[in-house]
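Report on one structure; see the data block that follows.
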Amino acid sequence: MALSGKNIATISVVFSAISWMIMLASSLLIQFEKVNMVQNGLPIFVPYVFYIFFVLLLYVFYRAQVLSADGINVIDLLWRVFVTGLVATLLSLLARYFLMALEGSQHANNPYFLIIIFEVHLGLATAYLISIFVVWKRLVLYQKNRKLLRIWQFFETSFFFSFLFFFFHKGYFDISFNLILGFFAIMSFVLSANLKWVAYLNYRQKWNSILLLLLIAFYILYFLRTIHDLPGFIAATYDMTQNITLLALFAFTFVYSVFSMLVLLFNLPTSSVFEQKFEEVINFQRLSQSRNTGHDEKQVYDILLESSVSAVMANGAWLEVYNDEDAPMVLYHKISPKRRLEILEKLQKAKIKKLRSSDPVKDMQTRRFMANINDLEYRSILAFPLYVQNRELGMLYLLKDLYDGFNKEMIEIIRTFANQASISVENFKLLKEAIDNERYKEQLKIAKSFQKILLPENLDRFDDFEIAAYSKAAAEVGGDFYDSYKSDDDRIALTIGDVSGKGTSAAFSMSQMKAIFQSLNMIDLPLHEFTNKTNLALGKCLERTLFITAIFLRIYKSIKTIEYSRAGHCPLLYYTAHDNMANYLELPGMGLGVLRDVRYENHIQVGNILYRKGDILVMYTDGIIEARNESNEEYGYDRLKKIIESSATETCEEIENSIVKSVFNFCGARTPDDDFTLVIIKFK
Amino acid sequence: MIDIKNELEEEGVYLIKVSGEVDASSSIFLDQSIGEAVEKYDKILIDCEKIEYISSAGLGVFMSYINELEEKKIGLVLYGLSDKVLHVFQILGLDKLLKLVDTKSEAKEFLNGISL
């Protein structure tokens, strides 16, 4: 079972307490045996062994605690250590108070009592030092590297081995003892050089840390002195001077505390610089990330202004953002619009300094520059343009209350900010465009599928003719259409048409045309009147410059007659089988919507054809006639006529294929730039 | 591509010279020119000699002025249309509504005829 940090902490603290109690009990027992001259009693190292357990379990406890508080900051860590020290010291004072209260009584020199007092202090001091040790470890290893980690591991292992010293050594402060202590002292100094965390504290945090460290160091000294002075130090059943581990702990925690304090103190004057730089980095990040977090352009400008002001410590600033049509949008920082205009006026008289020697002098008014101005409040000004794709997007003005207030570093940082802001704004624009484009595409897709429905899949037919249709739009949606309406078993109405203009607007008009065609066909009108009414109805819907050309025809099966009118559309092509000739039927007529009143009626003519077996009727749109090849020639009427004559014996669909193939062959690499539509009827 | 040149001919006759291809995008400029001309002049000549191609959008521009010309009694004559361009006008039936002539002198003659 995996143990969580909390469980580990609880278990280890319980066992360390037990270890401490066994240590105390065994110490008392040894003392008892000593007083009563018991032979072969408890070995003298027993309390020490339990002391080792106590130390190790405490270490596990504190480590688990510090590890579980992962996101914690330095100040909080120091605060914890301080609180531990405070509690330990208060407990120690309490114990000593008892000792003092007993002064003079017989108990004052009771060895058992002194041992208890001593073991309490030993426990408190050790606990305190271990808590420091764990936190100091974290601080030393702040932004660690491999080498540092190795040194630390070596240092920690040395502590472990120092426990063993007790078992092999009996002398007081001899050479080997001093050597080992010296080793720990040197290691402490070496490790005390690792104080990277200091740099990340701001001014206030540094002061807080100094204060906390001062108290922490004070408590360390207090315990060192107290333990040394306690009568139990000597009276203890084992010699504490042999406890090199504890001394080394004292040494390391104290040395690191003092070093930290000094470094913090010396870092105080420069901390504002670091804070400044740090803020710049943060601001830069805000500028570059703003596009991701749902900000808008205005927020980018706000961040830019705010960041720039804090980066150069400006006393006032404004940001002009140029829009295409309106007056510039101005964002102010600690300056009124009125003062802005005054300063701009003063700027006219000021001597402008170039920021770079390469900047052209002529454009100085609109480009980056620096100037000292004659103003009571402000003495110098820095102006910086924002560019997006070589277009000036805006201008940033920063003001300071001293002459030549902007140095090279400041200009550099402003340049970086301005560039980043420009990129962010550009990204906004690009993103917006991309979304808009996507939306248009989606709309076109809908229009396309909608238009497909408008063109009938199967045209109405009688058994005495075949019919085939083909339509291809140049864009997603087109303006060509065809439709049919079967009135009864004798009459079928057909139409083909072309809405002027292209694309979506044409498709829109086409749907109106379809509705009108279908509606009017329900009423039994003569073709002349039908054409007239269609024009009047369309006249009410079509935009001023739009018109529709169409051919309306009716096939009467019983009398084998085609009746047709031409509303400004390309003339019908009619092939007669008996003479193998195709001809264009140039009946006069006028486009729908060209004249939108009763006058239109005068321009309508109706033609009649008697059809016979093998005759072919071709309806088409101008996209075929005007299809052009690479040398800009038009496909033209003659080619269409000839292809019909040469393929007249084929079926309707074959003829359709021949025409389409012929047009595409003619165009070659050039794609047709207009919609083109074909309806072919072949009589049987 | 389209190229439109406007100039004032003698006797208050305004001349618009159109050359190139009058398609959907370029017809906007044609619309502007005619629009400005009908505001100020009542005799307008449109030189179509150099029109290579006219699309339905271009025809739409001419069409859209038919009513206005009639209401304001403005004389507008197109001249010098190539056979192909003329055919396009004819198919749509615009030849019935607009005055289309061969030469500039014919066009002027027509305009002067109106004023008489």
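The values are calculated or read from the model by the stated rules, or taken from the named source; none is laboratory data. Remember, it's a predicted structure, so these values are computed and weren't measured experimentally. Reconstructed Cβ throughout: ideal geometry from the backbone, glycine too, with neighbour counts over all protein chains shown. All accessible areas refer to the heavy atoms of the entire protein, side chains included, with ligands and DNA or RNA removed. Shrake-Rupley method; radii C 1.70, N 1.55, O 1.52, S 1.80 Å.
Table for the structure above
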quantity	calculated
Over 24 Å (Cα to Cα) - which of A:Lys144/A:Lys206; A:Lys452/A:Lys613; B:Lys73/B:Lys108 fall in this group	A:Lys452/A:Lys613
Relative contact order %, segment A:455-683, counting alpha carbon pairs below 8 Å whose residues are six or more apart	24
Taking chain A and dividing mean pair separation by its residue count, relative contact order in percent (alpha carbons under 8 Å, at least six apart)	8
Solvent-accessible area per residue, Å², over segment A:546-585 with all protein chains present [probe radius 1.4 Å]	29
Sorted peptide list for A:603-615, A:110-122, criterion being average Cβ within 10 angstrom, highest first	A:110-122, A:603-615
Acute angle (nearest 10 degrees) that the helix A:5-35 long axis makes with the longest principal axis of chain A, alpha-carbon atoms	10
Entries in A:Lys533/B:Lys50; A:Lys448/A:Lys560; A:Lys642/A:Lys684; A:Lys514/A:Lys682 that, when Cα-Cα distance is taken, lie over 28 Å	A:Lys533/B:Lys50; A:Lys448/A:Lys560
Partner chain coverage, peptide B:53-66 - average Cβ within 10 angstrom	6
Using a Förster distance of 25 Å, the FRET efficiency for B:Gln90-A:Thr576 (Cβ separation, nearest 0.05)	0.55
Mean projection area, nm², convex hull over Cα of segment A:286-432	8.7
Å² per residue, accessible surface of chain B at 1.4 Å	48
Share of alpha-carbon pairs per 10 Å distance bin for segment A:455-683, given as whole %	8, 34, 38, 18, 2
Peptide-level mean, for A:590-602, of C-beta atoms on other protein chains within 10 Å	3
Residue-wise HN-Hα coupling along segment B:17-26, computed from phi with Karplus coefficients 6.51, -1.76, 1.60 (Hz; x: Gly, Pro)	9, 10, 9, x, 9, 9, 10, 4, 7, 7
Of every Cα-Cα pair in segment A:21-150, the percent that sits beyond 20 Å	59
Residues of segment A:306-350: accessible area per residue with a 1.4 Å probe, Å²	54
Share of carbon and sulfur in the accessible heavy-atom surface of the protein assembly as shown [1.4 Å probe, %]	59
Principal semi-axes in Å for the protein assembly as shown [√(5λ), Cα gyration tensor, largest first]	102, 38, 20
Residues of segment B:87-112 buried by at least 30 Å² on assembly (accessible area, 1.4 Å probe, chain alone as reference)	B:His87, B:Ile91, B:Leu92, B:Lys96, B:Leu97
Reachable lysines from A:Lys400, criterion Cα separation under 28 angstrom, eight or more residues apart if same chain	A:Lys277, A:Lys298, A:Lys334, A:Lys338, A:Lys346, A:Lys349, A:Lys351, A:Lys353, A:Lys354, A:Lys362, A:Lys408
Long-range amide H partners of B:Ile46 with built H, under 5 Å	B:Ile16, B:Val77, B:Leu78, B:Tyr79
Rounded to whole Hz, the Karplus (6.51, -1.76, 1.60) HN-Hα couplings of segment B:69-83, x for glycine and proline	4, 5, 4, 8, 6, 9, x, 10, 10, 9, 9, x, 6, 5, 3
Amide H contacts under 5 Å for A:Glu626, placed H, 5+ residues apart	A:Gly636
Relative contact order, percent, segment A:286-432 [alpha-carbon distance under 8 Å, six or more residues apart]	28
Sites A:Thr561 and A:Ser505 - FRET efficiency at Förster radius 51 Å, r taken between beta-carbons, to 0.05	0.85
When the convex hull of its Cα atoms is projected in every direction, mean area for segment B:2-115 (nm²)	6.0
Segments A:181-193, A:369-381, A:452-464 sorted - mean Cβ within 10 Å per residue, highest first	A:369-381, A:181-193, A:452-464
In the A-B interface, the accessible area buried, summed over both sides, Å² (probe 1.4 Å)	1900
